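The values are calculated or read from the model by the stated rules, or taken from the named source; none is laboratory data. If you're wondering where the values come from, they're calculated on a predicted model, not measured in any experiment. Here the Cβ positions follow ideal geometry from the backbone for every residue, glycine too, while neighbour counts run over all protein chains shown.
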Amino acid sequence: MSFSSVQPRSAQRTGLWANIQDSIRGVQRDYTTGPIGRAVVLLAIPMVLEMSMQSLFAVVDVFFVARLGPEAVAILGLSDSLLSLIFAVAMGLSMGTAAMVARRVGEGSTEQAATAAVQAIATGVAISIVLGTLGVIFATDLLLLLGATPDLATHGRLFTSIMLGGNITVMLLFLINAIFRGAGDPALAMRSLWLANLINILLDPVLIFGFGPIPAMGLEGAAVATTFGRTIGVLYQLRQLSNRSGRIVIDWRSAALNVAVMARLFRVSGIGVVQYLVSTASFLGLIRILAPFGETALAGYTIAIRIIIFILLPAWGMGNAGATLVGQNLGAGNPDRAERSVWFTARCNTVFLGAIGVVLLVFADPIVWLFTTEPDAAALAAACLRIVSLSYVFWGFGLVTVQAFNGSGDTTTPAVINFLVYWVVQLPLAWALSGPAGLGPSGVFTAIAVAQSLLAVVGVTVFRRGTWKGREI
């Protein structure tokens, strides 16, 4: 098992366009030296495109499933809420994996970076098998627990079982892409999701509505298409990890479990998993608060959240770029450069999300009508987009600073912030505004905007203290 050295490329190609081309092609770079702006741009471009592809799964599925009616969209939303728990675990493990790989790369310990990658993959496979088994067995009960009616839970059982049963594809996509990002090779992560999405886009309409001799599978067709697309993406990732010309190369014949490294990974990722579970579980709470308002409310919320995720995941890609720079520069003994990278990335992210927020305020209605022709669901989705978009300028700084903590290996601070913001503020506020205050679903949307704004304010305040600079992993 070996990890090929990351060598800085000679400056034969200059200019923004040349650097962008190199970034997408995956040309090797040293991100611990040179202009910070260039480093952020070169890392962020493929990471933003990667996250755009991740969010495209959600948009494509809801685009086609909405043609099946509000009940199908409601099932999709409930199942997504359950799958979000898988995403939380995957993101927590990925965060720790990326931080460890980036730190080892910054230190020049390339063999140790590869060892950490193997432990992360083994851990992800074990966890996903357990979660998948439980998800298939208890699919109906889990839907009922979220507030689905007995009929809705019965109709949604098979779709939910396929999505949860195939969660290993989600886990590995996140984990292996985190390895690529931590190593400073986000182009491979981007390509794996391009491939997975292409398969999903081609298969979704065919399997949902049928084509020629292929029978229509309805809602379950979306689950099969998505899972199969992700499987192809994972196979591509594994091939790249075995490619001798890659930056990170794993010889699977000699790969072995390393208890010490796995324990360190659990220490960093364990709190990270809690961090994401705290935020994800709060959104499950929001679903539970919305459920009594009926299928139309759930359908409108599901459509809006899918659009919001499509927008925010590219912004999350900017946060991932900042996290990689933090990890590698701390490993290289340059904490000041790490901090400057975060502020530069946050400013760029805020400009991007601020512009998107204006677009959603003006064009929420026509955007929503691309996904549904149900007037009531469309009205709720548009209201959600407008209300939440008011907080987008705050999200820009919040996403980057929280990811910066994670990139340094400090997963405890974001976990505490998430608990205070989402559980102490967001959930009680959503309940109070939607129920006692009489705002209905709009009260839930308002609570989301308030919580995300507060998260950014608290995140920036704590980040300025600089305690993350001394974190060892």
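A few notes on this one:
- Pairs where the first residue, in the range 343-366, is more than 25 Å from Val326 (Cβ to Cβ) and the second is among the polar types (S, T, N, Q) and part of a helix (DSSP H, G or I), C-beta under 6 Å, 6+ apart: Gly357/Ser389; Leu360/Ser389; Leu361/Ser389
- Where a residue in the range 193-216 is touching a residue at least 12 places away in the same chain (Cβ under 8 Å) and its partner, wherever it lies, is acidic (Asp, Glu), with Cβ under 7 Å and at least six apart: Leu193/Glu50; Asp204/Asp61
- Scanning the range 208-250 for residues that are surrounded by fewer than 21 Cβ atoms within 10 Å (Cβ to Cβ) and of a type in the set (Lys, Arg) yields Arg239, Arg244.
- Failed item in (1) in contact with a Phe, Trp or Tyr (Cβ under 7 Å, 6 or more places away or on another chain); (2) part of a helix (DSSP H, G or I), with Ser161 passing the rest: (1)
- Residue within the range 141-163 that is closer than 30 Å to Leu257 by Cβ and exposed (fewer than 15 other Cβ atoms within 10 Å of the Cβ) present: no
- A search for C-beta distances below 8 Å between a residue of the range 138-152 that is within 13 Å of Pro292 (Cα to Cα) and any residue that is of a type in the set (Lys, Arg) and modelled with pLDDT under 90, counting only pairs 6+ apart in sequence or on different chains, returns Leu146/Arg288; Gly147/Arg288.
- Residue within the range 91-107 that is surrounded by fewer than 20 Cβ atoms within 10 Å (Cβ to Cβ) and either touching a residue at least 40 places away in the same chain (Cβ under 8 Å) or closer than 30 Å to Leu330 by Cα (or both) present: yes
- Number of the condition not met by Asn329 [criteria: (1) surrounded by fewer than 24 Cβ atoms within 10 Å (Cβ to Cβ); (2) closer than 16 Å to Gly407 by Cα; (3) touching a Phe, Trp or Tyr at 6+ places or on another chain (Cβ under 8 Å); (4) among the polar types (S, T, N, Q)]: (1)
- The range 179-193: number of residues that are in contact with a strand residue (DSSP E or B) (Cβ under 7 Å, 6 or more places away or on another chain) and at pLDDT 85 or above: 1
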